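**Student:** Below is a structure I'd like to ask you about.
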Amino acid sequence: MGTVQEDFDQHVMHTYGRFALVFVSGEGCYLQDEQGRRYLDFVAGIATCALGHAHPVLSAAIAEQARTLMHVSNLYYTPQQGALARWLAEHSAADQVFFCNSGAEANEAAIKLARKYGRTVLGIAEPQIITAQRSFHGRTLATVSATGQPKYHKHFYPLVQGFSYVPYNDFAALQAAVSDTTAAILLEPMQGEGGVMPGEAEYFQQVRTLCDENNILMILDEVQTGMGRTGKLWGYEHLGIEPDLFTIAKALGGGMPIGALCAREKFSIFEPGEHASTFGGNPLACAAGLAVCHTLEQEHLVANAEVRGVQLAAGLERLAHRFGNLVQQVRGRGLMQGLVCNEPIAGEIVKQAIAKGLLLVTAGPDVVRFVPPLIVTSFEIDEALAILEAVLAEMAVPVLGLR
Ligand SMILES: Cc1ncc(COP(=O)(O)O)c(C=O)c1O
């Protein structure tokens, strides 16, 4: 028997550059490694563990469902899938939901639906979808093709056809890219992986009008922004618009794999046999999803994300001011914040923070991303800021006189 790291080195494909940490348990906003060291987790499984770790309501719901019924396939009805779809419809612009297992799969479903819409409703032989540069939509072949970042395309040509990319928040560029073969526009309400870049309300409102005037589907990728992350339940609520379709995953299961494509009824045009997933929406995943949704409501976690997000942003602004030689800007919404550095030092900051017991994640080479669990407390935000301050202080001589 090898060590955990030897098992990985020898038998797990080397798709990830992992940190040398082996986590064995978690509670709330803290994780514990195999040596018993505690880490404050401001990664939350990459914006996924909205309720933190081992939340009693989520753990109990999963355990209870696992003891009762885990999976029957979509040949049959199950109460949990219906109840979760109802909750999502009652709390969003959507009326109907297709369940799958990840963000990429949710976007795959959206892409297929958009193509069907383009062909059957608009009569376009080869419908095109416009996405944004620096977007991130997943790693399957179609979603990586939809992703407007060449570094993810390398080695995987030929890509799936039918995508073009425009600069984000630039309406003139989008307008110029629209043609009579455009079936859909796919955007994140705030870009996450591409650098924590908030979408501008005016831009999204212009896009909404453009889509309405040309019968183009407006699809939002809420995989990272959805489920309260930005201080509102959905990222689009900051933008004064509602999408025709949107996709979710990550926090929907609080760590249990589940994704969903959510659609207004008018655009819910799949027919039996056109799209499917064996595991999609099984009772176990949907019980987890329901527990997350109910806990968001009962513990007022969307409001918490807003308030703690203001605290986090203010603390980061203070550090940006103090360490102006390292940090250029703070940007984000709610509990999805980015510290934009002057140089590509985000990886080094993350490494140093880990050494001091704080988990962070980059969003590109020059942005450090903060996506803690939505249950995060004022104390934990202060603790993270204090650790980050110590890291930055070691990395730079503070700009004298400022603070
Ligand atoms: C906006 C967005 N879309 C899609 C995805 C892909 O989700 P998954 O990794 O669950 O396939 C991600 C993952 O980071 C994301 O941030």
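**Student:** Counting just the residues of segment 48-90 that are touching a Pro at 6+ places or on another chain (Cβ under 9 Å) and assigned to a helix (DSSP H, G or I), which one comes out nearest to Val4 (Cα to Cα)?
**Tutor:** Gln65
**Student:** Of all residues in segment 223-253, which are closer than 18 Å to Ala303 by Cα and within 12 Å of the chain's Cα centre (by Cα)?
**Tutor:** Listed by number, the residues that qualify are Gln224, Thr225, Gly226, Met227, Gly228, Arg229, Thr230, Trp234, Gly235, Ala251, Leu252.
**Student:** Please go through segment 132-151 and pick out each residue that is closer than 11 Å to Ala110 by Cβ and more than 10 Å from the ligand (Cβ to nearest atom).
**Tutor:** Narrowing segment 132-151 to residues closer than 11 Å to Ala110 by Cβ: 137-138, 142-143, 146.
Scanning segment 132-151 gives a single hit, Ala142.
**Student:** Suppose we keep only residues that are assigned to a loop (DSSP other than H, G, I, E, B) and under 22 Å from the mean Cα position of the chain (by Cα) within segment 153-169. Which one would you say is surrounded by the most Cβ atoms within 10 Å (Cβ to Cβ)? Break it down stepwise before answering.
**Tutor:** As a first pass, look at segment 153-169 and keep what is assigned to a loop (DSSP other than H, G, I, E, B): 153-162, 167-169.
Next cut, under 22 Å from the mean Cα position of the chain (by Cα) only: 153, 167-169.
Working: His153: 13, Pro167: 14, Tyr168: 24, Asn169: 18.
If we take residues in segment 153-169 being assigned to a loop (DSSP other than H, G, I, E, B) and under 22 Å from the mean Cα position of the chain (by Cα), then Tyr168 is surrounded by the most Cβ atoms within 10 Å (Cβ to Cβ).
**Student:** Cβ-Cβ under 7 Å, sequence separation 6+ or interchain: first residue in segment 329-344 and without any contact (Cβ under 8 Å) to a residue 24 or more places away in the chain, partner of a type in the set (S, T, N, Q) and assigned to a strand (DSSP E or B). Which pairs?
**Tutor:** The qualifying pairs are Val330/Gln337.
**Student:** Any residue in segment 119-140 that is within 21 Å of the chain's Cα centre (by Cα), part of a helix (DSSP H, G or I), within 26 Å of Glu242 (Cβ to Cβ) and of a type outside the set (Phe, Trp, Tyr)?
**Tutor:** Within segment 119-140, none of the residues are within 21 Å of the chain's Cα centre (by Cα), part of a helix (DSSP H, G or I), within 26 Å of Glu242 (Cβ to Cβ) and of a type outside the set (Phe, Trp, Tyr).
**Student:** Report, by residue number, each residue of segment 152-189 that is within 12 Å of the ligand (Cβ to nearest atom) and without any contact (Cβ under 8 Å) to a residue 12 or more places away in the chain. Full working, then the answer.
**Tutor:** Residues of segment 152-189 that are within 12 Å of the ligand (Cβ to nearest atom), as a first pass: 152, 186-189.
Residues satisfying the conditions do not exist here.
**Student:** Does segment 200-207 contain any residue that is within 16 Å of the ligand (Cβ to nearest atom) and assigned to a helix (DSSP H, G or I)?
**Tutor:** Checked segment 200-207: at least one residue is within 16 Å of the ligand (Cβ to nearest atom) and assigned to a helix (DSSP H, G or I).
**Student:** In segment 245-290, how many are away from the ligand (no atom under 14 Å from the Cβ), small (Gly, Ala, Ser) and touching a Ser or Thr at 6+ places or on another chain (Cβ under 9 Å)?
**Tutor:** 2
**Student:** Taking segment 260-290 as the search range and keeping residues that are of a type in the set (A, V, I, L, M, F, W, C) and under 19 Å from the mean Cα position of the chain (by Cα), which one is surrounded by the most Cβ atoms within 10 Å (Cβ to Cβ)?
**Tutor:** Ala260
All of the numbers you see were taken from the coordinates with simple rules; none came from a lab. Every value quoted in this text rests on a predicted model; they were computed, and no experiment measured them. So basically every Cβ, Gly included, is an ideal-geometry build from the backbone, and we count neighbours across all protein chains shown.
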